[in-house]
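Scroll down for the structure; my scribbles are underneath it.
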């Protein structure tokens, strides 16, 4: 495959820009809740660390299974937008349910609804981005989308700090207010996104269309890294156990996303020029190094530094990973390709989060983090570029 060089003055399609803004709003809403949720579960609702891991892992697993079906369906009917709208709508509704939760099982139900929404929208949304973007700009397009997603993840925790520390709102009130940005995002998609309707394929083509051998080789490496990439809720629990206050947890999470927001677009563009696999390997190796350092943090400055550094692996890999999936599947199976990708990563996170929770609770934090670091290194080593895929190296 010929290597492409990204044009310096290339403009991203308007659909990519609007979907990025929607992700900003949705993540702002989610991240008003996410840094507070582990503490809400353990301190307010009495959940254990293993329960936290099961809740997060099960929620992501449900999303991953649905992503496969939703992506395949969008291939079959040649439409992505209705599924994207439905997915973001469910996510907005789930936040009100978390605010009304009276036990950890209620939070589990709300998280399952939220992840159902994510499952319905993610593969069709990513396929839509790939549909409207030239191959020479896909890394930058997905990097841009991730950058705005992470910008929302900065805004959300800062809003949570303002509401809790500045205005003295209770956590439940913050959860209810998080519904508003999500609803605005739904309106933006409804009136602002016009998809290029692809010709619908038959049910047989949508369910059995070719996914290449290189695709499955890459998926094996991604599955291995997914085992290492357990729920970030454990990072928050580790910081809280080391003495970081509840009010400071959203600021840590915001610092983490600042780096992602600033550099994801550029890093995705680098994968257009220098190769997807090189960027993935660099990201996964840096993940292993940084993850291994978390058990040694004992102060707020140390956790700030680690949460900032922890953004680097994802800045390097997120845009490249999605662009690589786009490159390796044919257009009429693109939704299914992303569905398989999300299914594999979600099931890996489920297993990885459960293992991490068991090690964290029954052995030690160091054992849990170091097992994750070792798996990430193995994943990076498994990315061996083939001679026939020079542009993917």
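Where a number appears in this text, it was derived from the coordinates with a stated rule and is not lab data. If you're wondering where the values come from, they're calculated on a predicted model, not measured in any experiment. Please note: Cβ atoms are built from the backbone with ideal geometry, for glycine as well, and neighbour counts cover all protein chains shown.
Annotation: the residues 370, 253, 284, sorted from fewest to most other C-beta atoms within 10 Å of their own C-beta, follow the order 370, 253, 284.
Over the chain, the Kirkwood radius and the radius of gyration, each from Cα atoms, give a ratio Rg/Rh of 0.95.
For the chain, a Gaussian network of Cα nodes joined below 10 Å ranks 313, 301, 124 by mean-square fluctuation, and the top entry is 301.
For the chain, the longest principal axis of the alpha carbon atoms and the long axis of helix 49-77 meet at an angle near 20°.
Here the contact order of the chain, divided by its residue count and restricted to Cα pairs under 8 Å and six or more residues apart, works out to 31 percent. Listed by Cβ neighbour count within 10 Å, with the fewest neighbours leading, 296, 307 appear as 296, 307. Against the main long axis of the alpha-carbon atoms of the chain, helix 179-192 sits at an angle near 10°. Between residue 100 and residue 296, the distance separating the two model label sites (each 7 Å from Cα on the Cα→Cβ line) works out to 4.8 nm. The coefficient of translational diffusion for region 229-319, derived via Stokes-Einstein from the alpha carbon Kirkwood radius under 25 °C and 0.890 mPa s, stands at 180 µm²/s.
A Förster distance of 35 Å, applied to the separation of the beta-carbon atoms of residue 266 and residue 351, puts the FRET efficiency at 0.60.
Between the Cα long axis of helix 14-33 and the first principal axis of the chain there is an angle of about 20°, rounded to the nearest 10. Taking other Cβ atoms within 10 Å as a rough exposure proxy, 271, 122 sort from fewest to most as 122, 271. Within the listed set 228, 305, 110, the Gaussian network model of the chain (springs between alpha-carbon atoms below 10 Å) gives the highest mean-square fluctuation for 305. What FRET efficiency, computed as 1/(1 + (r/R0)^6) with R0 = 56 Å and r the Cβ-Cβ distance, is obtained for residue 194 and residue 364, rounded to the nearest 0.05? Taking R0 as 56 Å, the efficiency between residue 194 and residue 364 is 0.60. With an a/c value of 1.5 or above and a/b larger than b/c for the gyration tensor axes a ≥ b ≥ c computed over the alpha-carbon atoms, region 98-153 is described as prolate. Largest mean-square fluctuation among 298, 138, 111, in a Gaussian network model of the chain whose springs join Cα atoms under 10 Å apart, belongs to 298. With only Cα atoms counted, region 277-349 has Rg and Dmax values of 15.6, 51 Å.
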